[in-house]
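The values are calculated or read from the model by the stated rules, or taken from the named source; none is laboratory data. Fair warning: this is a prediction, and the values are worked out from it, not measured in the lab. Glycine also receives a Cβ, built like all others from the backbone with ideal geometry; neighbour counts cover every protein chain displayed.
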Amino acid sequence: MNTSHVNFAMNRRDFFGRFGMGLGGAALAGLFQDRLGAAEIASGRRGVLDQLHFPAKAKRIIYLFMSGGPSQMDLFDYKPRLNQMHGQDLPASVRMGQRLTGMSANQATLPIAGSPFAFKQHGKGGTWISELLPWTAKLADELCVIRSMNTEAINHDPAITFLQTGSQIAGRPSMGAWMSYGLGSVNENLPAFVVLISKDRIDQPLYARLWGNGFLPSPHQGVLFRNGRDPVLFLKNPDGVSAAARRDMLDGLAELHRAQFEDLGDPEITARVAQYELAYRMQTSVPDTLDISREPASVRDLYGPSVNTPGTFAANCLLARRMAERNVRFIQLYHPGWDHHGGLPSGIRRQCLDIDQACYGLLTDLKQRGLLDETLVVWGGEFGRTNYCQGKLTATDFGRDHHPRCFTAWMAGGGVRPGMTYGETDDFGYNIAADPVHVHDLQATVMRLMGIDHERLTYKFQGRYYRLTDIHGKVVQPVVA
């Protein structure tokens, strides 16, 4: 399906013909109609797809992004051989000349570091899960663990950008923006794409472009909900400005924008009016959505004790469930702090304490409410960690460098085959041995579960048709239920 038609220039006759209203109420009244054609697409309320390419298995996505690169062989990819060869130099036949980062390239040796954490098999499928994740292990039969993820980037910024936008180079639309563009919004009082970031764990910058709209129309960018008194900046009315005064101001702006649209025919003008109106409605919907005080203690207890502290990963997971209930299309949680070049044993313990029970609570809560079957939950980082130690290997401490050749992600709910492990790495956890899953393959699969053909949702920009998966990617059919 060619979707380039949305990059249109609507003339004045078309505009007023579609709305069929007087000049004064055209822009605002149009926002609440069911059939608005191109103007509604420009506002972001309706996606460009007239119909889905496939029957959707999921209605929404909650993406739990572990920023920094979790160590797969300490969490999901059990490699006893590393413990057997602990301290020995990594064989050249395993490394095969792979490039190294500047942080370990000058080491005289690359000593293998076995995991200090015990592993057990869980669930009917016998999924290997580390002792660091006892709560997650209880849900082994809900998880589809992919151990053969691989990426092209070896450093954080291009790798995170690649996972989020399909390109290592900044400027492309994010995955959530593509979903909003294709499918539109279901809740007129909240954004289609919301971002939450765990506080007190930010060891590296997370740029707004990671949830940006790139060259797609501006209504499709993610909206960051912050911690504190003002979760969305500039949403509240300034002191001395009443709700009635704000309404009068928006009405006046709508008239001015209508006149500008009459002159220019730029759909971004219609989009701007729609964003103003959404912000006005969010003044009521956002405080209600973020108020977890009405949640029963039994629900909050699912997520762990830190759920009552705003800005924690647990609190954000509960908010994600509340947004899923309200039909927010794409909910992105970032939990930084996984970049363990040193101090990995203590650092990864802390990270797992942050996320383990919270992930359990999120999946359990969604399942109890009948939402898990229609909500796709994705967990993973931008790459994995090396099987060798970066720096000095001691009896109690070590670190791991970046490793793009293989890492682990998991999915649950929304059309994913549960209780399975897909893909294999070699005995060293260094190379993929079977069923590789490239970043674009994961993106293509996520889009397929939402009913979208990743090759057909495109946008023409600067003379070329772009898509999330660029010119690569295939759906990983075995993980689709």
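The residues on offer are PHE225, PHE215, PHE193, and the sole one that is within 15 Å of ILE61 (Cβ to Cβ), among the aromatic types (Phe, Trp, Tyr) and touching a strand residue (DSSP E or B) at 6+ places or on another chain (Cβ under 6 Å) is PHE193.
Condition first: small (Gly, Ala, Ser) and modelled with pLDDT of 50 or more. Can you find one or more residues in segment 75-90 that meet it?
First, pick out the residues of segment 75-90 that are small (Gly, Ala, Ser): 87.
Checking which are modelled with pLDDT of 50 or more leaves us with 87.
Yes.
For the condition under 21 Å from GLU325 (Cβ atoms) and modelled with pLDDT of 95 or more, what is the one hit in LEU442, LEU363? After ruling out the rest, the residue left standing is LEU363.
When you check GLY228 against the structure, is it out of contact with any helix residue (DSSP H, G or I) (no Cβ under 6 Å at 6 or more places or on another chain), among the small types (Gly, Ala, Ser), in a loop (DSSP other than H, G, I, E, B) and crowded, with 18+ Cβ neighbours inside 10 Å, yes or no? Taking the combined requirement at face value, the residue does not satisfy it. Only residues that are within 15 Å of VAL328 (Cβ to Cβ) and either in contact with a Ser or Thr (Cβ under 9 Å, 6 or more places away or on another chain) or not hydroxyl-bearing (Ser, Thr, Tyr) (or both) were counted across segment 175-184, and they come to 6.
If you check ALA208, ALA170, ALA192 for being touching a helix residue (DSSP H, G or I) at 6+ places or on another chain (Cβ under 6 Å), surrounded by fewer than 22 Cβ atoms within 10 Å (Cβ to Cβ) and of a type outside the set (Phe, Trp, Tyr), only one passes: ALA170.
Working only within segment 71-92, note down all residues that are acidic (Asp, Glu) and more than 28 Å from the chain's Cα centre (by Cα). Break it down into steps so the answer makes sense when it comes.
First pass over segment 71-92, keeping only residues acidic (Asp, Glu): 74, 77, 89.
Answer for segment 71-92, where residues must be acidic (Asp, Glu) and more than 28 Å from the chain's Cα centre (by Cα): just ASP89.
Taking the listed residues GLY361, GLY337, GLY342, GLY370, the one that is part of a helix (DSSP H, G or I) and either out of contact with any His (no Cβ under 9 Å at 6 or more places or on another chain) or within 23 Å of GLY123 (Cα to Cα) (or both) is GLY361, with no other qualifying. Only a single criterion out of (1) under 24 Å from ASP74 (Cβ atoms); (2) surrounded by fewer than 24 Cβ atoms within 10 Å (Cβ to Cβ) is not satisfied by HIS403, namely (2). For PHE117, the stated conditions hold: it is touching a Leu at 6+ places or on another chain (Cβ under 7 Å) and in contact (Cβ under 8 Å) with a residue 12 or more places away in the chain. Screening segment 92-125 for residues that are modelled with pLDDT of 95 or more, in a loop (DSSP other than H, G, I, E, B) and aliphatic (A, V, I, L, M) and picking the one that is surrounded by the most Cβ atoms within 10 Å (Cβ to Cβ) gives ALA113.
Yes or no, residue by residue, for (1) of a type in the set (S, T, N, Q); (2) under 12 Å from ARG321 (Cα atoms):
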{"site": "LYS367", "(1), (2)": "no, yes"}
{"site": "THR375", "(1), (2)": "yes, yes"}
{"site": "GLY381", "(1), (2)": "no, no"}
{"site": "ARG385", "(1), (2)": "no, no"}
{"site": "LEU393", "(1), (2)": "no, no"}
{"site": "ASP397", "(1), (2)": "no, no"}
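Can you name the residue in segment 148-174 that is among the aliphatic types (A, V, I, L, M) and in a loop (DSSP other than H, G, I, E, B) and, of all such residues, is farthest from ASP441 (Cα to Cα)?
Taking segment 148-174 and keeping what is among the aliphatic types (A, V, I, L, M), we get 149, 153-154, 159-160, 163, 169-170.
Adding the requirement that they be in a loop (DSSP other than H, G, I, E, B) leaves 153-154, 169-170.
Numbers: ALA153: 15, ILE154: 18, ILE169: 18, ALA170: 20 Å.
Selected residue: ALA170.
All told, LEU353 falls short of being out of contact with any Gly (no Cβ under 6 Å at 6 or more places or on another chain), of a type in the set (A, V, I, L, M) and surrounded by 22 or more Cβ atoms within 10 Å (Cβ to Cβ).
Among the residues making up segment 436-477, a single one is within 15 Å of MET149 (Cα to Cα) and touching a Phe, Trp or Tyr at 6+ places or on another chain (Cβ under 6 Å): VAL439. Pairs linking a residue in segment 131-148 that is within 17 Å of ILE348 (Cβ to Cβ) to a residue that is assigned to a loop (DSSP other than H, G, I, E, B), with Cβ atoms under 7 Å and 6 or more positions apart or on different chains, are GLU131/PHE117; GLU131/ALA118; LEU132/LEU75; LEU132/PHE117; LEU133/LEU75. The residue of segment 373-400 that is surrounded by the most Cβ atoms within 10 Å (Cβ to Cβ), among those that are assigned to a loop (DSSP other than H, G, I, E, B) and among the charged types (D, E, K, R), is GLU382.
Go through PHE330, PHE261, PHE234 for me and flag whichever is more than 20 Å from LEU64 (Cβ to Cβ), surrounded by 22 or more Cβ atoms within 10 Å (Cβ to Cβ) and either out of contact with any Pro (no Cβ under 7 Å at 6 or more places or on another chain) or free of Cβ contacts under 8 Å to residues at least 40 places away in the same chain (or both).
PHE261
Scanning segment 133-165 for residues that are out of contact with any strand residue (DSSP E or B) (no Cβ under 9 Å at 6 or more places or on another chain) and buried (at least 24 other Cβ atoms within 10 Å of the Cβ) yields a single hit, THR165.
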